[in-house]
Structure formats: structure tokens, C-alpha cells
Amino acid sequence: VEFEILPPNPSSLVASLRSVGYSLETAIADVIDNSITAQAHNISVWYSWNEGSPWIVLDDDGHGMGPETLVEAMRLGSKHPNEKREARDLGRFGLGLKTASFSQCNQLTVLSYWAGHVSGREWDLAQIDSEPDKGWRLKILDSFDIERISLNDKFLHKVLNGFSGTSVIWRNLDLASGSESNFNECMSVVRNHLSLVFHRYLVSEKGSKAISMKLNNIKLEPHDPFNLKNLATRELPLQPIVIDGQKLKVEAYILPHHSKVSKEDYEKFGMSEGYSQNQGFYVYRNRRLIIRNTWFRLVRKEQLTKLIRVKIDIPNTLDKHWRIDVKKSTANPPEAVRAKLKTLMPEIRTAGSSVYRAKGSRIKTKELHPIWTRVAANGKIEYEINRSHPLTAKLLEETNDLKSLLKMIEASFPKDTYFFDLANNPKELSSNNISDANLEEYLDLFLGEFKLQGLNGNELSGAVLECQPFSKVLERTKKIFDKKGIIYES
Ligand SMILES: Nc1ncnc2c1ncn2[C@@H]1O[C@H](COP(=O)(O)OP(=O)(O)OP(=O)(O)O)[C@@H](O)[C@H]1O
Ligand SMILES: [Mg+2]
């Protein structure tokens, strides 16, 4: 057989790649995925209208790349999609950096700092276009070229400080054809998008530290679509779905009825499209939100279920089954998962619509926020301090050390002596009575926190009574309410 080598025509391929359907915000998120995979702790997006020649820089302090790795990174199709990836890797196709960048700009420059050196490479699409027969010419930047890119002093001098990291620079932006105000509006959409898509990276979550993300030096605040900080959000206890031995975490939440949150909060969590639109599944791949507000055609979006959002966590090992796309913006549950999800729907729907209909009806009447929880899994029973108890959750957000402390406390529970006492001296085992003074002190702490969340009146006292220790001493707590003149449902 005879063969002909037929490489793609660079200028036409690139032009087609430019229209795979990224928006500015999804493109930026795709580049940020790489920074997260590179274990960055600080990610900064810088942008400037620059008098009509706007630029955007995505800057990280991740592990950076040496010259060879950088060249490979610039290649279209730098890794095979079937290659096994580390569990925390957000990539899959070896394309994102290029396709995302080309969708927004004509000049992609990447500088990377690694082992005390900086390397730079650039794809200039105008140049490729103007010299089609010269093929895929990747520009090598020398130190003069690098110095000349003086867009913003803030990100170009890492190497002097011995840091590692990567700067992705977009110039010749398509947005240049619009106006400055349009550019700024687009960047504010970017801010909202990133706050949502990466909200779980912006706070510490088990085993991983929070990452700081900034947009023109202003910190991104996490936008948790489930409003978990608010006590009026209800969680439905659901069983995890197990498929081929892999556990799929599914958590259903019912957002607070508008009578239970401040107007501001209600609007914030409705997001720009409103509650009806935003009901549905929220799928996270390695804690990064990839799809939201769809019921995967299992049920229709209805007014009655508008407050329901269901969180699904998937690992990157299932990418094929979920048919993840390059933009990480579409995925479809495999048939087995669909079937299981379908069985959960009636329960979720009933619970959700009862909140919508009868405001204030409680889904779970028992206490919602115990201090200790009993976890039975894999043939083991463990007692854990409830991380989502409002006070624990708040403190965990403030300090990472608390997490280690809690683990230590849990692991060092004096089981043997406790069981000995339980068997031999049950009467002497004090039941940890809280004094009135202490109870009042705790109560003040909770009242302060819940008021900050916008609760007042019966909702405020109701929220308190759902938490331990108050749920265990209802009458005594109510007495203190009386003393403080706080109303409650008797
Ligand atoms: N900020 C960065 N820091 C370190 N390495 C990076 C960075 N950005 C890209 N890379 C390297 O370049 C490679 C190519 O990135 P690209 O986004 O094109 O593909 P990918 O992340 O592997 O997969 P996907 O197409 O799914 O995003 C990465 O696999 C990584 O090795
Ligand atoms: Mg990528």
C-alpha cells in the first residue's frame, strides 16, 4: 500500500477550532482547570481594556513547566484522551488550553517559570494564517521577547523570587471589536461564573486547602448553589448510588422558601436565570461544577420543584461513561445512573414541592444539626463530629487547623474506659450537663451567627432549636428565649 501524509491545513483547522462554542467565561474556566491541576494555590486573572487593545492574563503559582513540557503543552492534542489521569486532574483531552484560548484570541502566549528559569512559547494565529504553507510554527520567545511583554508588572517577575508558575496571556482578543463597557460586562459575567464553577475550591474541603482566586486583584467569593450556610436549606437523606463498585455521591437539597431568607439572598441564589430555570442536577467532576440545572430529561422543570437542586459528584475515571466534552460543559449520565436517578425522583419531588407549597413545613422534624454523628460504612461504625453543624462549619472555614484537631479528637476517643464505665459505673457517668450560664453563652453565639444569615423571629428561634445542644434541652432554651424576649413557636 502507498500512503500520503496529509496533515491538517493549519489556518483552516485553527479557524474551525475557534468556533467550538466556548464563551469567554467557559474558556477562562478551562484554562483555570489547568492551574488547579498544576496545584496552584493562587490564581489571578488580570485584564485590561488597554485603550482598545485588550488583553487577559491567567496567572498561577502552580508547579510550572520546563521548556520541553511547555512545548508539549502548546501542541494540539498534547495527551491522549484515554491516558490514565491522576484522580485530581481536571484535564482529559490535551486540547483545552489551545481551544479555549483560540476561541477568544488570536495570540496565545504562555510563559512558565520552573526551576529558576522562564520559558515562553506563542501561537500567533494571524501569522499562521498569513503563511499557510509554513505549517504549525510555534514561536520561541527569548528573554528580550519576554521582557517586552510588559502588560502588567504583577505577574512577570516570579522567576526573580524563585517562584514557579505559569502565565497564559491572551492578546488580539475578539472582544476588541466591542466596546470597553461591553468588555467590562463580560468580565463581570466571568466573575460570577468562576465563583460558581470553582466554589468548592474556594473553600477548604476535606483533604484540600482553599485556593485563592482573584480577578484584577479582587478576591472571588464562593457561590455555593445549595446555600448550605443557610440553615433553612433542607437536605434529603439519600443513599449513594453504586455502579460497578464505584460510589456516586448524590445529595438533594431544597433551597429555602423566600419567606425564610433575606430578599438579597433569595435573589442571589436564584441566580440570573431564576429558580425555575436553576432547578435540577448539579454535577461536579473532581469538585469542579461541569453541568448545572438540568434534570437530564428524567422529569420536567416545574414550578413546584423549583427549589430543588441535586448535587452529584463524579470522579474523572468515569469521563467516558458520562461522555464529557472538551469544554467540560456537557455530560450525560450513563444508562445505569439514569435508571437509579429515576428511582430517586419521586422522593425528591415530593419533599421539594412540600417546601414550595407550605412555607415553613419541616421536612425532617427531628434535630437537624447534631454535634456527633454515627457513620456506619464498610462494616465499620464511627462517631464523627458533624462538620456541617453551623458552629463547626463556620470555624472550619476560618481555620484549617480545626480539621486536624477534630480528627484527633475523634480518633482518640477513650473507647475502652468509656465502655468500662458504662458497664460498671453507669450511674456515675455524668451526662455532661450544661449549666444555664453556659447554655446562654452558646445561645448568644448562635443567635449572632443566624442573625447575620438574615434569620429573625420564629425562624431565628426555630433554627436554634434544630441544633445541638439546644435541641436536647428545648425547655431550658425556651426559658432563655423568654428572658431575652425572643419569640418562638410553642
Ligand atoms: N497552568 C499550567 N501549569 C502547568 N502545566 C500546564 C498548565 N496549563 C497546561 N499545562 C500542561 O499542558 C497540558 C495541556 O493542557 P490542555 O489544557 O491543553 O490539556 P489538558 O488539560 O491535558 O486536557 P483538556 O483538553 O481536557 O483540558 C496539560 O496536560 C499540562 O501538562
Ligand atoms: Mg486543560
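The values are calculated or read from the model by the stated rules, or taken from the named source; none is laboratory data. Bear in mind that the values here come from a model prediction, so they are computed numbers and not experimental data. Neighbour counts run over all protein chains shown; Cβ positions are idealised from the backbone, glycine included. In case anyone asks, the SASA skips ligands and DNA or RNA and just uses the protein heavy atoms, side chains included. Shrake-Rupley method; radii C 1.70, N 1.55, O 1.52, S 1.80 Å.
Here are a few things to note about the model shown:
- Applying the criterion of being surrounded by fewer than 18 Cβ atoms within 10 Å (Cβ to Cβ) and β-branched (Val, Ile, Thr) to the residues of segment 146-192, the residue that is modelled with the lowest pLDDT is 146.
- 1 or more residues more than 18 Å from residue 232 (Cβ to Cβ), hydroxyl-bearing (Ser, Thr, Tyr) and open to solvent by 30 Å² or more (accessible area, probe 1.4 Å): qualifying helices (runs of 4 or more DSSP H) within segment 392-490: 401-411, 415-424, 436-452
- Some residue of segment 31-51 being without any contact (Cβ under 8 Å) to a residue 40 or more places away in the chain and within 15 Å of ligand 1 (Cβ to nearest atom): yes
- Residues of segment 303-344 satisfying the condition of being hydroxyl-bearing (Ser, Thr, Tyr) and either at pLDDT 90 or above or open to solvent by less than 60 Å² (accessible area, probe 1.4 Å) (or both): 305, 329
- Among the residues of segment 80-96, just one is out of contact with any Leu (no Cβ under 7 Å at 6 or more places or on another chain), open to solvent by 20 Å² or more (accessible area, probe 1.4 Å) and closer than 22 Å to residue 15 by Cα, namely 93.
- Residue satisfying all of: in segment 303-346; in a helix (DSSP H, G or I) and of a type in the set (Ser, Thr, Tyr); nearest to the chain's Cα centre (by Cα) among these: 317
- Flag for residue 195 being touching a His at 6+ places or on another chain (Cβ under 7 Å) and modelled with pLDDT of 95 or more: yes
- Selection count, segment 119-145, where residues are in contact with a strand residue (DSSP E or B) (Cβ under 6 Å, 6 or more places away or on another chain) and either surrounded by 20 or more Cβ atoms within 10 Å (Cβ to Cβ) or outside any loop (DSSP other than H, G, I, E, B) (or both): 10
- Qualifying residues in segment 97-112 (those that are near ligand 1 (Cβ under 10 Å from one of its atoms) and within 18 Å of residue 65 (Cβ to Cβ)) - the one surrounded by the fewest Cβ atoms within 10 Å (Cβ to Cβ): 98
- Residue match in segment 351-367 (condition: open to solvent by 40 Å² or more (accessible area, probe 1.4 Å), outside any loop (DSSP other than H, G, I, E, B) and either in contact with a Pro (Cβ under 7 Å, 6 or more places away or on another chain) or at pLDDT 70 or above (or both)): no
- The listed residue being under 29 Å from residue 321 (Cβ atoms), within 11 Å of ligand 1 (Cβ to nearest atom) and either part of a loop (DSSP other than H, G, I, E, B) or not hydrophobic (A, V, I, L, M, F, W, C) (or both), out of 64, 21, 77: 77
- Matching residues in segment 89-122 - criterion: being away from ligand 2 (no atom under 13 Å from the Cβ), touching a residue at least 60 places away in the same chain (Cβ under 8 Å) and not polar (S, T, N, Q): 102, 105, 108
- Just one residue in the set 62, 77, 21, 52 is within 14 Å of ligand 2 (Cβ to nearest atom) and surrounded by fewer than 15 Cβ atoms within 10 Å (Cβ to Cβ); that residue is 77.
- Among the residues of segment 24-49, the one identified as part of a loop (DSSP other than H, G, I, E, B) and within 12 Å of ligand 2 (Cβ to nearest atom) is 38.
- Condition broken by residue 279, with the remaining ones in (1) closer than 27 Å to residue 36 by Cβ; (2) within 18 Å of the chain's Cα centre (by Cα) satisfied: (1)
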